[in-house]
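The values are calculated or read from the model by the stated rules, or taken from the named source; none is laboratory data. Keep in mind it's a predicted model, so treat the numbers as computed, not measured. Every residue, glycine as well, gets a Cβ built from its backbone with ideal geometry; the counts of neighbours run over all protein chains shown. The area values use the complete protein model at the heavy-atom level, side chains included, leaving out ligands, DNA and RNA. Shrake-Rupley method; radii C 1.70, N 1.55, O 1.52, S 1.80 Å.
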Amino acid sequence: MERDEIYLIDMWRILVREWKWCLAVLVVVLAVTYAFAHLVRRQWEASAWILIGQVGQVPPGQDPKVEPIARVLERLQTAAFQDEVTTSLGLAHDSRTAQLYRKSMKLEPLPYAGPMVRVNVRGDSPAQARQLAEATVARLRAVHRDMESTPLSLAHGRLDEVKAELKEAIADRDRLVQAAGKDEASGKGASLASVMLASRNEDIRNLQMQQSDLVTRLSASFTYETSLPWPVYVPERQAFPNPVLTYGIGLLAGLGLGVFAGVARNAARRRA
């Protein structure tokens, strides 16, 4: 314990003796930090929450989502997809903005929120960061739109078939009602028309249930495109460089290098 106290006292004496070196190094490091914070190109980060689209009318046991969330994450990270996004904005693949877009992309799956995927990308300005995020969503929406076109067309085709069958069944029921009415008027009692009318009514009820189910599944609550539930968010402050973090690191580095410079200068004096 005593040795530690003596060592700390000696260290303090060294720093007091070589305070000019410590202060000079601290000032140099802070000057470099200041220059870095003001000269480096600033970056803003945009956050987009992507809701994966789905088709409500799918075969039993099949996921209604257009694409599983794991495959969406892999797609967003592919170079081909990212190149399509930058190309849609008129950016060259080797441009600084395109490289920053690829390097800064961060993905966070949110399986219990839709599912959804949170995408963070950076740009040289708030507007550019927002534009890159919106272009990413637009490109993914176009891909998913092609994927869901077939099941959607099949579902709407099935709905048209059910409507046509229901219309035909209602017309047939009307004819049977007239035939049954004529049989009762002639005193024949229960006839084949009456039996067929009961069967046709059951068919109509089943077709109406199918139509209602299809309309519900194709409504906006169960069938929708890949989209943004809310607008892209871009904070007012830049993401890089962070002033507080930058100056904090510069101060710590300056103090550490200042102490090292004072100790080194003292050692040099003793050797001399």
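Say we look at segment 57-69 and pick out the residues that are among the β-branched types (V, I, T) and part of a loop (DSSP other than H, G, I, E, B); which of these is modelled with the highest pLDDT? I'd like the intermediate steps shown before the answer.
Going residue by residue through segment 57-69, those that are among the β-branched types (V, I, T) are 58, 66, 69.
If we keep only those that are part of a loop (DSSP other than H, G, I, E, B) as well, we get 58, 66.
Working: V58: 78, V66: 93.
So the residue we want is V66.
So, in segment 85-123, exactly how many residues are touching a Phe, Trp or Tyr at 6+ places or on another chain (Cβ under 7 Å) and either closer than 30 Å to P64 by Cβ or among the aromatic types (F, W, Y) (or both)?
Looking only at segment 85-123, we keep the residues that are touching a Phe, Trp or Tyr at 6+ places or on another chain (Cβ under 7 Å), and these are 86, 116, 118, 121-123.
Checking which are either closer than 30 Å to P64 by Cβ or among the aromatic types (F, W, Y) (or both) leaves us with 116, 118, 121.
Of the residues in segment 85-123, 3 are touching a Phe, Trp or Tyr at 6+ places or on another chain (Cβ under 7 Å) and either closer than 30 Å to P64 by Cβ or among the aromatic types (F, W, Y) (or both).
How many of the residues making up segment 100-126 are modelled with pLDDT of 95 or more and open to solvent by 70 Å² or more (accessible area, probe 1.4 Å)?
Counting residues in segment 100-126 that are modelled with pLDDT of 95 or more and open to solvent by 70 Å² or more (accessible area, probe 1.4 Å) gives 4.
Inspect all residues belonging to segment 199-208 and state whether any of them is more than 23 Å from the chain's Cα centre (by Cα), of a type in the set (A, V, I, L, M), surrounded by fewer than 14 Cβ atoms within 10 Å (Cβ to Cβ) and more than 30 Å from L140 (Cα to Cα). Lay out the reasoning, then the answer.
Let us first name the residues in segment 199-208 that are more than 23 Å from the chain's Cα centre (by Cα), namely 199-208.
Now drop any that are not of a type in the set (A, V, I, L, M), which leaves 204, 207.
Subsequent filtering for residues that are surrounded by fewer than 14 Cβ atoms within 10 Å (Cβ to Cβ) retains none.
Looking for residues that are more than 23 Å from the chain's Cα centre (by Cα), of a type in the set (A, V, I, L, M), surrounded by fewer than 14 Cβ atoms within 10 Å (Cβ to Cβ) and more than 30 Å from L140 (Cα to Cα), one finds none in segment 199-208, hence no.
If we keep just the residues of segment 222-249 that are open to solvent by less than 90 Å² (accessible area, probe 1.4 Å) and modelled with pLDDT under 90, which is nearest to R139 (Cα to Cα)? It would help to see each step written out before you state the result.
In the first step, residues of segment 222-249 are kept if they are open to solvent by less than 90 Å² (accessible area, probe 1.4 Å); the result is 223-229, 232, 234-235, 238-243, 246-248.
The next check asks that each one be modelled with pLDDT under 90; those that pass are 240-243, 246-247.
Working: F240: 27, P241: 29, N242: 31, P243: 34, T246: 36, Y247: 39 Å.
So, considering only residues that are open to solvent by less than 90 Å² (accessible area, probe 1.4 Å) and modelled with pLDDT under 90, the one nearest to R139 (Cα to Cα) is F240.
Select from segment 61-75 the residues that are among the aliphatic types (A, V, I, L, M) and surrounded by 19 or more Cβ atoms within 10 Å (Cβ to Cβ) and list them in ascending order. It would help to see each step written out before you state the result.
Filtering segment 61-75 down to residues among the aliphatic types (A, V, I, L, M) leaves 66, 69-70, 72-73.
Result: V66, V72.
If you check V58 against the conditions, is it touching a residue at least 12 places away in the same chain (Cβ under 8 Å), on the phi < 0 side of the Ramachandran plot and open to solvent by less than 30 Å² (accessible area, probe 1.4 Å)? Step through it out loud before you land on a result.
Numbers: touching a residue at least 12 places away in the same chain (Cβ under 8 Å): yes; on the phi < 0 side of the Ramachandran plot: yes; open to solvent by less than 30 Å² (accessible area, probe 1.4 Å): no.
So V58 does not fit the description; no.
Rundown of residues vs (1) closer than 30 Å to G262 by Cα; (2) within 23 Å of the chain's Cα centre (by Cα); (3) in a helix (DSSP H, G or I); (4) aliphatic (A, V, I, L, M), yes/no style:
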site	(1), (2), (3), (4)
L15	yes, no, yes, yes
C22	yes, no, yes, no
V27	yes, no, yes, yes
R71	no, yes, yes, no
Q82	no, yes, yes, no
T87	no, yes, yes, no
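State all residues of segment 29-55 that are in a helix (DSSP H, G or I) and open to solvent by 50 Å² or more (accessible area, probe 1.4 Å); if no residue qualifies, say none.
To start, the set of residues in segment 29-55 that are in a helix (DSSP H, G or I) comprises 29-39.
Hits for segment 29-55 are L30, A31, V32, Y34, F36, H38, L39.
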